[in-house]
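Written out below as structure tokens is the structure these notes cover.
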Amino acid sequence: MLEHHVNHALVTLLSDFGDRDVYVAVMKGVIAQVNPKLQVVDLMHQVPAQDIAVARFCLINAYPYFPQGTVHLAVVDPGVGSQRKAIAVKFAGGFLVGPDNGIFSGVLAQNPAITSVELTNPQYWRTSQPSKTFHGRDIFAPVAAHLASGVSIQQLGQEIDPRSLVKLNVKQCNQTKTAVTGCIQYIDHFGNLVSNIPESYVQAKKWCVQISGVMIPGCETYSDVPFGDAIALVGSHGWVEIAVNGGNAHLQMHINFYDRLEVLFLHKNQNALA
């Protein structure tokens with residue numbers, strides 16, 4: 001075990017491992033073996049299996065709320081054991097550790113990489129012969145712990161050009177004079193359907209959402225419609241979402257990830273249901 005450093009930063013943990021198996025606990029155990037004083041915060045472990053786009057979205061919405069220097073460890077890794085790189089990235093808010101598969105491309109679009117390295121130094125791995133199927137345990141978790149304990153990112157491996165990092169090809173929203181077309185990019189615990197249309201498109205406008213042949217009024221709060229009715233609004237995350245007041249939009253409307261929707265701009269006196 002390497003000597004602990006005095007710096008004790010936070011480590012956040014995001015994965016698609018769920019809570020039925022011991023994988024998350026094993027990664028926390030590895031982190032504690034490196035430095036038991038580190039605080040680990042679970043962001044989420046219910047990312048749909050191998051869905052890098054959802055993981056990317058969750059990171060975008062979580063990282064701004066953590067202190068400077070936080071190490072964000074994310075393991076949604078369908079390419080584990082392949083030629084995809086294992087990386088660590090330094091950016092203005094802290095560090096990112098995980099696979100180079102686009103999972104960090106949302107964060108880095110907002111806060112560009114300062115330094116990025118491929119994790120080629122086995123001194124900071126759990127073992128010099130890591131599992132072909134569990135880099136989260138054998139590479140990413142120990143590296144994150146060492147980073148959070150004060151190890152320099154340059155010590156972790158070979159520096160690589162940040163421009164070479166994989167960018168995830170996510171669906172973009174498209175605007176015309178009368179509408180914005182997008183898709184559902186996330187479904188939260190309450191069944192709210194979060195689109196990829198940011199708040200800026202609907203600010204100071206009257207609008208509604210059309211999806212699966214249904215017109216839904218754009219409002220400000222859930223209680224702006226009767227109990228049980230569908231509503232479109234901007235959620236706390238800053239994206240247009242569809243909800244049901246007191247209900248579950250995902251279950252009631254049978255709308256799923258990546259389904260298409262359209263925000264329609266209305267005249268001041270025009271009714272969304274007209």
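Listing for the model above:
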| read-out | value |
| --- | --- |
| The chain, dipole about Cα centre (Lys/Arg Cβ +1, Asp/Glu Cβ -1), debye to the nearest 20 | 420 |
| Highest average packing first - 219-226, 149-156, Cβ atoms within 10 Å | 149-156, 219-226 |
| For the stretch 90-148, alpha-carbon Rg relative to the globular expectation (2.2 N^0.38 Å, N residues) | 1.17 |
| Cα-based reach from K132 at 19 Å (exclusive), listing aspartates and glutamates while leaving out same-chain residues under 8 positions away | D16, D21, D77, D100, E118 |
| Subset of K167/K206; K28/K167; K90/K177; K90/K205; K28/K85; K37/K85 violating a 32 Å alpha-carbon distance limit | K167/K206; K90/K177; K90/K205 |
| Cα-based shape type of the stretch 10-164, given that a ≥ b ≥ c are square roots of the gyration tensor eigenvalues and the cut on a/c is 1.5 | rounded |
| Sequence-separation-based contact order of the stretch 145-226, relative, with Cα cut under 8 Å and 6+ spacing, percent | 13 |
| For the stretch 158-170, Karplus couplings with θ = phi - 60° (6.51, -1.76, 1.60), whole Hz, Gly/Pro x | 7, 5, 10, 5, x, 5, 8, 5, 5, 10, 6, 7, 8 |
| Nonlocal amide H pairs with N196, under 5 Å, H built at 1.01 Å | C183, Q185 |
| Solvent-free Debye scattering, log10 I(q)/I(0), computed from the Cα coordinates of the stretch 94-188 at q = 0.12, 0.18, 0.21, 0.22 Å⁻¹ | -0.50, -0.90, -1.10, -1.17 |
| Relative contact order %, the stretch 174-266, counting alpha carbon pairs below 8 Å whose residues are six or more apart | 39 |
| Cα gyration tensor shape of the chain, rounded if a/c is under 1.5, else prolate or oblate by comparing a/b with b/c | prolate |
| Listed peptides 38-46, 252-260 by packing density, highest first (mean Cβ within 10 Å) | 38-46, 252-260 |
| Overall Cα dimensions of the stretch 174-266 - principal axes, largest extent first, Å | 33, 26, 25 |
| In sequence order, calculated HN-Hα J values of the stretch 221-238 (Karplus, 6.51, -1.76, 1.60; Hz; x Gly/Pro) | 9, 4, 7, 6, 10, x, 4, x, 8, 7, 8, 10, 7, 8, x, 5, 7, x |
| Built amide H within the under 5 Å cut-off of C219, gap 5+ | A232, L233 |
| Taking H146, H250, H267, H135 and counting other C-beta atoms within 10 Å, the order from fewest to most | H267, H250, H135, H146 |
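A short reminder: the numbers here are calculations on the coordinates, not readings from a lab. Computed from a predicted model, the values in this text were never measured in an experiment. Glycine also receives a Cβ, built like all others from the backbone with ideal geometry; neighbour counts cover every protein chain displayed.
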